[in-house]
Every structure is written in structure tokens, then in C-alpha cells.
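A short write-up of the structure that comes next.
Every read-out reported here was derived from the displayed coordinates using simple, explicitly stated rules and does not represent laboratory data. Predicted model only: the values in this text are computed from it and were never measured. Glycine gets a Cβ as well: all are built from the backbone with ideal geometry, and neighbour counts include every protein chain shown.
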Amino acid sequence: MNFRIGRRRRIFEGKAKVLFEGPEPGTLVQYFKDDATACNNQKKGTITGKGVLNNRISEYLMVKLGAIGVPTHFMRRLNMREQLIRKVEIIPIDIVIRNIVAGSLSKRLGIPEGTVLPRSIVEFYYKKDELGNPMVSDEHITAFGWASPQEIDEIMSLSLRINDYLSGLFLGIGLKLVDFKLEFGRLWDNDELHIILADEISPDNCRLWDVKTNEKMDKDRFRRDLGRVEEAYQEVARRLGIMPEITALVPESEKP
Ligand code: TMP
């Protein structure tokens, strides 16, 4: 177990990450685990080295997004599995952006996987594990006060910008950005409220298909027992030019 885990105050433990109190007020340390879950927690497993790769991949993408003016919670990477982030108040909505039909959209509407959408679609899901994260509309979100209409507008506009940018970035390395999930949070700066990108962007919450072969290079390899899961995450990192040294495959339990 990581030395830092025992030392810091644990704020929250999710399925793939742990949040610890940060070194300064208003900061947190985000620790990336190798644990993987799917099908609403019914399927559990470990993807060796995933935490290391996702830490790097998410850092890379958040820094790139920051450079084009998307505000993010990312501050800096601390080590192989941890990054320093700004503490935000998470908006309890998962935002899914889709470019190609796959996964739950294919199942729900009976449209074959791989159908290219006439335009990108943004969906909202209420973050409530006990309820299986149900899909909701902006009407539910505003009626129940999870976010204001202005916040939804901002989230929509940021999500579409992120989609445009990341679609191009991934296409440049031979990957189609099929769909992905984002989370946003609120940050108060003096009296001003900002909506900023939070959580992570990695093959855990993106669908990435090889442009030439349509091979799946993401967590669907784990969800659907397709094998070569670790290799897919490594290949994404390699294509991004950030494949960390051989330590990528060191399991969490064997870390110093
Ligand atoms: P879906 O097809 O299962 O609705 O997933 C759409 C995208 O959102 C896919 O890239 C996986 C991602 N996603 C998450 O990261 N977390 C979730 O809880 C869900 C439901 C989807």
C-alpha cells in the first residue's frame, strides 16, 4: 500500500480513485487505483498498472484542455499514482457526450453499435449508485436544484468544446472518440462562481476505437471480457507519447 495512503486524511473513496486532504486549503490529492468495476458494481476486478496510466493520461488531457481555456481541477501530478487537484463542490450529474452509437444508447434504442450520430449528443445521469445512475433531463436537474439553468448552459458549452478538442486530438493518434463521461464542480473565487472540469479523463470513462480496425482500446475490454485490457490502456498512453517507464505494470501492492 502506498505510504501516502496511511498518512493523509481520507476524504472519499470511489471505485477507481481515493481523495485525500491536500497539503494546502482548497486542495485535494487524487490517488488512482488499479481497481475496476462495471455493470453497476456487479463486475469487479483489477487492471494492473491502470492507476499509473490513468494518472498520466488524465494529466496530459487536462493540461491540454487547460491550455485551450477549459478550466479544470488539475494542478500538478505528484507521483506515479497521485495528482494535486483543486477541491470543488461536485455537481451530482454525469455528463455523457456521444459521437458514435455504443453501449447503453445502442441497447436502449436498438441502434447498432458503430452508427455515426448525425450530431453529437449530450446526456445527463444523476449520480446515485443505489439507483444505478438513472438518466435525467435538464428539467429534473433544475427542478431538484442539482444545478441551475445557467450552470447547465455552461456545462453544455464546455462539454461540446471538450468533445471537439478531444475528438481531434484522438483522431491525430488514430483513435475515434466514440463517447465519454465528464464531471463538473463548482469553485468559488472571491464572490465569483466558476464551473470547472473535475474527476478524470481516461480509457476508464471514454470509448476509444482504433480508426483502421475499430478495435476497442478502453474499459469495454474489461466490461466485455475481451482480454488484453492492460495492453489497450498502455497503447493509448503510448500513442499519446506518455507511456511511462516499465513501472506501469507494477501492481499497487508491490509499490514502495
Ligand atoms: P454507456 O454507454 O454505458 O452509457 O457509457 C457511455 C460512456 O460514459 C462510456 O464511455 C463510459 C462512460 N461512463 C462512465 O465513465 N461511467 C458511468 O458510470 C457510465 C454509465 C458511463
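Using the average count of surrounding beta-carbon atoms within 10 Å as a protection proxy, the listed peptides 12-21, 164-173 rank, highest first, as 12-21, 164-173.
List, in the order given, every pair from Lys107/Lys219; Lys44/Lys181; Lys64/Lys87; Lys15/Lys212; Lys33/Lys212 whose Cα-Cα distance in the structure shown is over 28 Å.
Values: Lys107/Lys219 17 Å; Lys44/Lys181 20 Å; Lys64/Lys87 20 Å; Lys15/Lys212 32 Å; Lys33/Lys212 31 Å.
Going by Cα-Cα distance, Lys15/Lys212; Lys33/Lys212 fall outside the 28 Å limit.
Going from the fewest other Cβ atoms within 10 Å to the most, the residues Met62, Met135 appear in the order Met135, Met62.
Shown for Cys39, Cys206: other C-beta atoms within 10 Å of each C-beta, ranked fewest to most, produce the order Cys39, Cys206. From helices alone, the chain scores -9000 deg cm²/dmol at 222 nm; the rule is -39500 (n - 2.57) for each run of n ≥ 4 DSSP H residues, then divide by the residue total. For the stretch 28-112, the square roots of the Cα gyration tensor eigenvalues, ordered a ≥ b ≥ c, give a/c of at least 1.5 with a/b no greater than b/c, which places it in the oblate category. Full extension of the chain between Lys44 and Leu78 gives 9.5 nm of extra length, using 0.36 nm per residue less the Cα-Cα distance.
Maximal additional length on extending the Glu139-Arg108 stretch stands at 9.1 nm, based on 0.36 nm per residue less the C-alpha distance. When restricted to Cα atoms, the stretch 86-175 yields an Rg and a Dmax of 14.6, 42 Å, respectively. The mean of 1/r over all pairs of different alpha-carbon atoms in the chain, once inverted, gives a Kirkwood hydrodynamic radius of 18.9 Å.
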